[in-house]
Amino acid sequence: MNGEAVQQRARQLQIICGGLIMGVLTFSAVTVFLVHGNGMNVDVNVIVPAALLVGSLMNIVTIVAVAGSVGKRELPSTATEDDYLNLYQVASIIRWAGLEGAAFMNIVAYLLSAQWWSGIVPAICLLWMAATFPTSDKLNDWLRAKDRDRTF
């Protein structure tokens, strides 16, 4: 496996994933400031955050299924390492974007209702994004696994 190509792709993915994580963290900080800095007149309503919670959970399930199916897609036997890296990149971006969307939905729920439990989904999404943060080693492991699958 071409170490330089893998490192370059890992760096690109780190920038994308890091940007998505920072977006969620920044919006979370602004929201906490607005809610607790008396910037919002909060009317506690459980229905709005509950509806957004259900919607975001459905979003997570759907997006993870789509990203999983993209990542498991079979490529032709003539596929290059770059083709596999493209597949990994697309699946990762789909997964992270879905998690970011679910996090934002629940941050908005917190903004609207100040229900503390609306922060659970964004925290889980951030942890999931951090756990799947790309490194050269993870990319190489994934490529080795794909290569093993292809040879058998």
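The values are calculated or read from the model by the stated rules, or taken from the named source; none is laboratory data. The structure displayed is predicted, hence computed values, not measured ones. Heads up, the Cβs are rebuilt from the backbone with ideal geometry, glycines too, and the neighbour counts pull from every protein chain shown.
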* Structure fact -> When (1) of a type outside the set (Phe, Trp, Tyr); (2) in a loop (DSSP other than H, G, I, E, B); (3) modelled with pLDDT under 85 are applied to residue 134, the one that fails is (3)
* Could you check, for the stretch 64-76, whether at least one of its residues is closer than 18 Å to residue 16 by Cα, among the hydrophobic types (A, V, I, L, M, F, W, C) and modelled with pLDDT of 85 or more? => no
* To do: Hey, could you check the stretch 25-48 for residues that are within 28 Å of residue 92 (Cα to Cα) and in contact with a Phe, Trp or Tyr (Cβ under 7 Å, 6 or more places away or on another chain) and say which is modelled with the highest pLDDT?
  => 27
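In the stretch 1-24, what count of residues is obtained for those that are farther than 17 Å from residue 122 by Cβ and either of a type outside the set (Asp, Glu) or modelled with pLDDT of 85 or more (or both)?
Filtering the stretch 1-24 for residues farther than 17 Å from residue 122 by Cβ gives 1-16.
Filter again for either of a type outside the set (Asp, Glu) or modelled with pLDDT of 85 or more (or both), leaving 1-3, 5-16.
Here the count works out to 15.
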